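**Student:** Quick one: the structure is below, and I'll ask about it shortly.
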Amino acid sequence: MHKKERIVILAGDGIGPEVMAQGIKLLNKLEEYIEIGFDLDEHLVGGAALKAYGVPLKPETLESCKQASAVLLGAVGSPEFDDNPPDLRPERALLDLRAGLGCFCNLRPIHLYKALIDSSTLKREVIADIDLLVVRELTGGLYFGKPAGFETANGERTAVNTMTYSEAEIQRIARKAFEFARLRRRKVTSVDKANVLAVSQLWRSVVEDVAKEFPDVQLEHMLVDNCAMQLIRNPRQFDVILTENMFGDILSDEASMLPGSIGLLPSASLGDGTPIYEPVHGSAPDIAGKGLANPIALLNSIAMMFRYTFSRPLVALAIEEAISTILLRGYHTADMKLEGGKQVGSEEIGDLIISEIIQEYSRPFMTA
Ligand code: IPM
Ligand code: MN
């Protein structure tokens, strides 16, 4: 009897369900080849939950996530709810999940796919060999600070958000960044705005203290505006980028253009409770329902799940290798430019990748 792992599936909005369909297909197929069974527990979140239940995340859904081994999320967000107050927007579901599951550490790895070297808007020599990891703090900063909201004073509308971080919050995310740097090229670039923000001054000083626990890792500080520039000037200088919540949101979208499409990039959100795996991209309402969406970010997120939650690095590698192989054969989705390649839809590229993985698993063992 195989071990059963319960994964909460939150497809969400827009292209979420389309990319998730490929992920579910992969998990169902993999079950036949590896000694883990999956119990996939699907729930509505975001705009889909707002429509069905009037709230972006039902308490019962969060409860199921707490009891699960992992959460796999598609995307949330829909223009239909643009005028809703922040608490009744689809995005609120994500924030409540991250906070509710204690997922303070968001990992966004970015590397180059050989097949796509000419797909980026940046020159080949700028992006060759890039391999960086954004470690984004995910449960603090402007997204969560209080006070937050709208007020009317003297007949004028005002709005406030608060950026706040405690020492302990900075310490725990900094430690993660240094630990991951140890598994890589041992360099941490901590990104802040210490020339203006008190929060950033505290950030810098706490990161420096934590760095003393990791004398084998090089630490540098960089202002966020400079980092935005350096990312497209010379991205090869980066190994681990450690930063707070909103800077990390913005810089990771920028960095996603190095390999050529945000449709490729996965993320893992780790912390005290159930981890969340989700693509970096959003719900892309403009292409939703057309079968065009790129499921690679979601499939790469499943690879991260095998690496970090199920401790099966070889399964992760098999998924990642299959993705590289299919791209090298010229198959790509509409978000990627691949001269002379063949553009296919979500379903087709999903099938190609999955059959490549399965072929790997079906190969007979070599004998000496
Ligand atoms: C992301 C997204 C979210 C964020 C939104 C949808 C709340 O942009 O995961 O990067 O800003 O964290
Ligand atoms: Mn984002």
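**Student:** Give region 265-299 a look and list any residue that's within 28 Å of residue 63 (Cα to Cα), modelled with pLDDT of 95 or more and away from ligand 1 (no atom under 16 Å from the Cβ), or say none.
**Tutor:** 273, 274, 295, 299 - these are the residues of region 265-299 that are within 28 Å of residue 63 (Cα to Cα), modelled with pLDDT of 95 or more and away from ligand 1 (no atom under 16 Å from the Cβ).
**Student:** I've got another one for you. Return the only residue of 334, 303 being in contact (Cβ under 8 Å) with a residue 12 or more places away in the chain and open to solvent by less than 20 Å² (accessible area, probe 1.4 Å).
**Tutor:** Details: 334 fails: open to solvent by less than 20 Å² (accessible area, probe 1.4 Å).
Sole residue among the options that is in contact (Cβ under 8 Å) with a residue 12 or more places away in the chain and open to solvent by less than 20 Å² (accessible area, probe 1.4 Å): 303.
**Student:** Select from region 176-200 the residues that are farther than 19 Å from residue 108 by Cβ, small (Gly, Ala, Ser) and not in a helix (DSSP H, G or I) and list them in ascending order.
**Tutor:** The one that is farther than 19 Å from residue 108 by Cβ, small (Gly, Ala, Ser) and not in a helix (DSSP H, G or I): 194.
**Student:** Follow-up question, since we're still on this one. So in region 137-159, with the set limited to residues that are in contact with an Asp or Glu (Cβ under 7 Å, 6 or more places away or on another chain) and part of a strand (DSSP E or B), which one is surrounded by the fewest Cβ atoms within 10 Å (Cβ to Cβ)? Explain how you work it out, then say what you get.
**Tutor:** Of the residues in region 137-159, the ones in contact with an Asp or Glu (Cβ under 7 Å, 6 or more places away or on another chain) are 137, 140-141, 158.
Subset that is part of a strand (DSSP E or B): 137, 158.
On the way: 137: 26, 158: 10.
Among those that are in contact with an Asp or Glu (Cβ under 7 Å, 6 or more places away or on another chain) and part of a strand (DSSP E or B), it is 158.
**Student:** Residues in region 111-133 that are in contact with a Phe, Trp or Tyr (Cβ under 9 Å, 6 or more places away or on another chain) and either within 15 Å of ligand 2 (Cβ to nearest atom) or in a loop (DSSP other than H, G, I, E, B) (or both): how many?
**Tutor:** Qualifying residue count, region 111-133: 2.
**Student:** Confirm whether residue 96 is acidic (Asp, Glu) and within 28 Å of residue 140 (Cβ to Cβ). Even if it seems obvious, please write down each step before you answer.
**Tutor:** Details: acidic (Asp, Glu): yes; within 28 Å of residue 140 (Cβ to Cβ): yes.
Taking the combined requirement at face value, the residue satisfies it.
**Student:** Let me ask something additional. Mind telling me which of the residues 50, 88, 62, 72 ends up being closer than 19 Å to residue 301 by Cβ, among the aliphatic types (A, V, I, L, M) and out of contact with any Asp or Glu (no Cβ under 6 Å at 6 or more places or on another chain)? Before the answer, list the steps.
**Tutor:** Values: 50 fails: closer than 19 Å to residue 301 by Cβ; 88 fails: closer than 19 Å to residue 301 by Cβ; 62 fails: closer than 19 Å to residue 301 by Cβ.
72 is the lone residue from the list that is closer than 19 Å to residue 301 by Cβ, among the aliphatic types (A, V, I, L, M) and out of contact with any Asp or Glu (no Cβ under 6 Å at 6 or more places or on another chain).
**Student:** Oh, and also: In this structure, does residue 255 turn out to be buried (at least 22 other Cβ atoms within 10 Å of the Cβ) and away from ligand 1 (no atom under 16 Å from the Cβ)?
**Tutor:** Details: buried (at least 22 other Cβ atoms within 10 Å of the Cβ): yes; away from ligand 1 (no atom under 16 Å from the Cβ): no.
Spelling it out, it is not the case that residue 255 is buried (at least 22 other Cβ atoms within 10 Å of the Cβ) and away from ligand 1 (no atom under 16 Å from the Cβ).
Residue by residue, here is whether (1) more than 14 Å from ligand 1 (Cβ to nearest atom); (2) in contact (Cβ under 8 Å) with a residue 24 or more places away in the chain; (3) open to solvent by less than 50 Å² (accessible area, probe 1.4 Å) holds:
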site	(1), (2), (3)
32	yes, no, no
41	yes, yes, yes
45	no, yes, yes
55	yes, yes, no
74	no, yes, yes
77	no, yes, yes
89	no, yes, no
104	no, yes, yes
107	no, yes, yes
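**Student:** Only one of (1) in a helix (DSSP H, G or I); (2) surrounded by fewer than 22 Cβ atoms within 10 Å (Cβ to Cβ) fails for residue 203. Which number is that?
**Tutor:** Condition (2) is where residue 203 drops out.
**Student:** Quick check on my filter: what residues within region 16-44 are touching a helix residue (DSSP H, G or I) at 6+ places or on another chain (Cβ under 8 Å), within 21 Å of residue 291 (Cα to Cα) and among the β-branched types (Val, Ile, Thr)?
**Tutor:** Within region 16-44, just 19 meets the criteria.
**Student:** Quick one: which helices (runs of 4 or more DSSP H) sit completely within region 1-106 and have at least 2 residues that are in contact with a Cys (Cβ under 8 Å, 6 or more places away or on another chain)?
**Tutor:** Numbers: elements: 16-30, 47-53, 59-67, 91-100.
The helices (runs of 4 or more DSSP H) meeting that bar are 91-100.
**Student:** Within the bounds of region 112-131, is there any residue that is in contact with a Gly (Cβ under 9 Å, 6 or more places away or on another chain), of a type outside the set (Lys, Arg) and open to solvent by 60 Å² or more (accessible area, probe 1.4 Å)?
**Tutor:** Yes, because at least one residue in region 112-131 is in contact with a Gly (Cβ under 9 Å, 6 or more places away or on another chain), of a type outside the set (Lys, Arg) and open to solvent by 60 Å² or more (accessible area, probe 1.4 Å).
The values are calculated or read from the model by the stated rules, or taken from the named source; none is laboratory data. All values derive from a computational prediction rather than experimental measurement. So basically every Cβ, Gly included, is an ideal-geometry build from the backbone, and we count neighbours across all protein chains shown. When the accessible area is computed, the model is the full protein with side chains, heavy atoms only, and any ligands, DNA or RNA have been set aside. Shrake-Rupley method; radii C 1.70, N 1.55, O 1.52, S 1.80 Å.
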